[in-house]
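Asks: So that we are looking at the same thing, I have put the structure below in structure tokens.
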Amino acid sequence: MRYISTRGQAPATDFTGVLLAGLAPDGGLYVPESWPHFVAADWRALRGLPYAELAARVMRPFVGDTIPFATLQRLCGEAYGGFAHPAVAPLVQLDANLWAQELFHGPTLAFKDMAMQLLGRLFDHVLTEQDARVTIVGATSGDTGSAAIEACAGRERVDIVILHPHNRTSEVQRRQMTTVMDANVSNLAVEGTFDDCQDLVKAMFADAPFRREMQLSAVNSINWARVAAQIPYYVASALALGAPDREVAFSVPTGNFGNVLAAWAARRMGLPISRLVIGSNRNNILSRFLTDNDMSMQPVEPSLSPSMDIQVSSNFERLLFELLEHDGAATAAVMTRFRAEGRMPVSDAAWGRATALFRAFTLDDPGTLAEIRRLHDAAGYLADPHSAIGIAAARAHGVAGVPMVAMATAHPAKFPDAMEQATGVRPALPKHLADLYDRAERFTVVPADVATIQGHVRGLARRNHG
Ligand SMILES: *Cc1c(COP(=O)(O)O)cnc(C)c1O
């Protein structure tokens with residue numbers, strides 16, 4: 001399997017190249033050159049497998065021959081063996097035709113663990129094989145950072161620097177990052193928004209000498225390996241609900257477009273998915289795009305679902321590349337104009353290809369609290385604010401007769417204030433995190449300035465390996 005850049009100006013590479021590089025050197029995102037296709041018999045053969053085995057088989061074509069299949073199976077077994085639920089990503093029925101798929105049973109209680117637990121192990125394996133090391137830099141609006149740190153802390157061949165927007169993550173989210181004391185972990189609290197953090201990471205990658213000097217690598221959701229590791233849970237729930245002999249639909253609370261892109265990828269591989277619903281909070285650039293072909297940037301507003309407080313969904317570029325029929329030059333031109341003018345020019349033909357499959361739904365904070373309360377009253381279910389938006393979106397855009405699965409992306413205990421406000425119930429943290437509020441924290445507040453942050457990255461690398 002070869003990967004090409006959405007901007008058409010980078011050499012093709014293989015899975016390990018994509019894993020280690022994150023962003024392509026031309027500023028684009030890697031996508032498969034051609035898509036694997038599973039026929040009905042291939043899907044049926046996956047029914048009933050333990051999650052880790054299913055994940056290895058679904059990812060196999062994307063990994064190609066870069067990692068032996070037995071190794072991939074072992075790494076998946078280790079990654080998902082540490083989850084708190086034996087089904088890894090269980091389905092919970094909420095209504096006659098509506099399910100929640102819980103993606104939050106990993107160590108940091110959010111769906112990011114589904115990919116990151118495997119990614120940390122893939123990095124370790126590949127870097128050991130190549131006798132190399134990397135510095136991972138990433139931007140987080142909350143959950144990516146803790147999942148990445150949890151996956152990389154103490155690993156010998158990796159330093160990790162995570163940028164989060166100062167005072168814009170929940171306390172649980174911040175503490176899950178800042179209480180990890182391993183010497184290879186550094187947390188920078190940036191005076192700015194998540195989009196500023198993301199831009200700073202992009203600027204560090206664009207600085208070619210710095211990128212080489214530090215062996216920079218990314219684990220935020222632009223890394224294709226993360227998208228690939230998110231495909232299996234869509235396959236697992238679709239099979240459980242009757243695929244490939246029956247269509248399914250998914251609803252995904254969306255920020256950077258990474259999670260829903262994995263659902264799209266599953267469909268591209270032949271899984272019969274009839275609809276994908278995108279849930280947004282008030283930061284609803286994707287909703288405006290799908291409703292009015294209006295992809296225009298607006299300032300980020302903080303909300304009860306901080307992992308979706310995003311105005312530029314970086315993974316959207318991969319869908320755009322598809323909508324533009326794999327024309328890298330056209331994709332690059334659209335992205336350049338988007339950056340310059342704040343509005344993405346998408347032709348009606350390309351937009352129509354998107355609206356044929358996707359629907360969008362926006363829920364503000366009061367609506368989110370009302371949905372959390374409604375779910376608690378009706379089904380005794382505690383959905384965190386992100387998951388509640390996905391479930392409300394599923395309800396708004398369900399397809400008659402088609403099972404609808406809403407992705408539950410965070411454990412309710414990550415957002416205890418919102419849960420208590422909505423239901424009167426303050427969910428307890430699971431045992432392994434019970435003392436989180438008593439642990440010491442370590443982080444540095446920095447201005448949104450790339451040179452300052454590069455200095456911190458250099459400092460960490462120097463401390464750890466001369
Ligand atoms: C990251 C995250 C999202 C958004 O996922 P994307 O892949 O960025 O669209 C939604 N909910 C939670 C809890 C998250 O951590």
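Asks: Looking only at the stretch 1-57, filter to residues that are part of a loop (DSSP other than H, G, I, E, B) and among the charged types (D, E, K, R); which one of those is farthest from Arg226 (Cα to Cα)?
Replies: Checked the stretch 1-57; the qualifying residue farthest from Arg226 (Cα to Cα) is Arg47.
Asks: Ok, one more. Answer with yes or no whether Arg168 is within 24 Å of Asp435 (Cα to Cα), touching a residue at least 60 places away in the same chain (Cβ under 8 Å) and surrounded by fewer than 24 Cβ atoms within 10 Å (Cβ to Cβ). Even if it seems obvious, please write down each step before you answer.
Replies: Details: within 24 Å of Asp435 (Cα to Cα): yes; touching a residue at least 60 places away in the same chain (Cβ under 8 Å): yes; surrounded by fewer than 24 Cβ atoms within 10 Å (Cβ to Cβ): yes.
Answer is yes for this residue.
Asks: Are there any strands (runs of 3 or more DSSP E) wholly within the stretch 62-179 with 1 or more residues that are more than 16 Å from the ligand (Cβ to nearest atom) and among the acidic types (Asp, Glu), and if so which?
Replies: 91-95, 158-165
Asks: Take the residues in the stretch 387-403 that are away from the ligand (no atom under 16 Å from the Cβ) and of a type outside the set (Lys, Arg); name whichever of them is surrounded by the most Cβ atoms within 10 Å (Cβ to Cβ).
Replies: Only one residue tops the list, namely Pro403.
Asks: Filter the stretch 366-386 down to the residues that are within 16 Å of the ligand (Cβ to nearest atom) and open to solvent by 40 Å² or more (accessible area, probe 1.4 Å) and list them by number.
Replies: Leu382
Asks: OK, next. Give the number of residues within the stretch 25-72 that are more than 29 Å from Glu325 (Cβ to Cβ), among the small types (Gly, Ala, Ser) and open to solvent by 40 Å² or more (accessible area, probe 1.4 Å).
Replies: The total comes to 4.
Asks: Would the stretch 360-371 turn up any residue that is more than 23 Å from the chain's Cα centre (by Cα), modelled with pLDDT of 95 or more, more than 30 Å from Asn293 (Cβ to Cβ) and aliphatic (A, V, I, L, M)?
Replies: So far as the stretch 360-371 goes, yes, one or more of its residues are more than 23 Å from the chain's Cα centre (by Cα), modelled with pLDDT of 95 or more, more than 30 Å from Asn293 (Cβ to Cβ) and aliphatic (A, V, I, L, M).
Asks: Which pairs turn up if I take residues in the stretch 375-393 that are of a type in the set (Val, Ile, Thr) and look for partners that are assigned to a helix (DSSP H, G or I) and within 14 Å of the ligand (Cβ to nearest atom) with beta carbon separation below 9 Å, at least 6 apart in sequence or on another chain?
Replies: These pairs meet every condition: Ile389/Met308; Ile389/Thr368.
Asks: While we're looking at this one, here's another question. Please specify each residue of the stretch 4-19 satisfying the condition of being more than 18 Å from Val334 (Cα to Cα), touching a residue at least 24 places away in the same chain (Cβ under 8 Å) and open to solvent by less than 30 Å² (accessible area, probe 1.4 Å).
Replies: Within the stretch 4-19, Phe15, Thr16, Val18, Leu19 qualify.
Yes or no, residue by residue, for (1) in contact (Cβ under 8 Å) with a residue 60 or more places away in the chain; (2) away from the ligand (no atom under 16 Å from the Cβ):
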| site | (1), (2) |
| --- | --- |
| Ala408 | yes, no |
| His411 | yes, no |
| Phe415 | yes, no |
| Ala428 | no, yes |
| Lys431 | no, yes |
| Ala440 | yes, yes |
| Thr452 | no, yes |
| Arg458 | yes, yes |
| Arg462 | no, yes |
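Asks: To continue, here is another question. Could you check, for the stretch 76-83, whether at least one of its residues is open to solvent by less than 20 Å² (accessible area, probe 1.4 Å), out of contact with any Gly (no Cβ under 8 Å at 6 or more places or on another chain), closer than 28 Å to Pro209 by Cα and among the aromatic types (Phe, Trp, Tyr)?
Replies: Within the stretch 76-83, not a single residue is open to solvent by less than 20 Å² (accessible area, probe 1.4 Å), out of contact with any Gly (no Cβ under 8 Å at 6 or more places or on another chain), closer than 28 Å to Pro209 by Cα and among the aromatic types (Phe, Trp, Tyr).
Asks: Still on this structure, please answer the following. Exactly one condition in (1) over 27 Å from Asp417 (Cα atoms); (2) within 12 Å of the ligand (Cβ to nearest atom); (3) of a type outside the set (Asp, Glu); (4) open to solvent by 10 Å² or more (accessible area, probe 1.4 Å) is not met by Asn315; state its number.
Replies: It is condition (4) that Asn315 fails.
Here is a yes/no grid of residues against (1) basic (Lys, Arg); (2) part of a helix (DSSP H, G or I):
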{"position": "Arg318", "(1), (2)": "yes, yes"}
{"position": "His326", "(1), (2)": "no, no"}
{"position": "Ala329", "(1), (2)": "no, yes"}
{"position": "Arg337", "(1), (2)": "yes, yes"}
{"position": "Arg353", "(1), (2)": "yes, yes"}
{"position": "Thr368", "(1), (2)": "no, yes"}
{"position": "Glu371", "(1), (2)": "no, yes"}
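Asks: Same structure again: Between a first residue in the stretch 120-149 that is more than 16 Å from Thr66 (Cβ to Cβ) and modelled with pLDDT of 90 or more and a second residue that is acidic (Asp, Glu) and away from the ligand (no atom under 16 Å from the Cβ), which pairs have beta carbons less than 6 Å apart while being 6 or more apart in sequence or on different chains?
Replies: Thr135/Asp159
Asks: Next question. Which count do you get for residues in the stretch 404-459 that are touching a His at 6+ places or on another chain (Cβ under 8 Å), open to solvent by 20 Å² or more (accessible area, probe 1.4 Å) and not in a loop (DSSP other than H, G, I, E, B)?
Replies: Going through the stretch 404-459 one residue at a time, the tally reaches 3.
Asks: Another question about this same structure. Here is a check on your reading of the model: is Gly352 at positive phi and surrounded by fewer than 16 Cβ atoms within 10 Å (Cβ to Cβ)?
Replies: no
Asks: With Leu261, Leu241, Leu319 as the choices, which residue is under 18 Å from Met404 (Cβ atoms) and in contact (Cβ under 8 Å) with a residue 12 or more places away in the chain?
Replies: Leu241
The values are calculated or read from the model by the stated rules, or taken from the named source; none is laboratory data. What you see is a predicted model; the values in this text were computed from it and never measured. Every residue, glycine as well, gets a Cβ built from its backbone with ideal geometry; the counts of neighbours run over all protein chains shown. Calculation scope for accessible area: heavy atoms of the full protein, side chains included, ligands and nucleic acids excluded. Shrake-Rupley method; radii C 1.70, N 1.55, O 1.52, S 1.80 Å.
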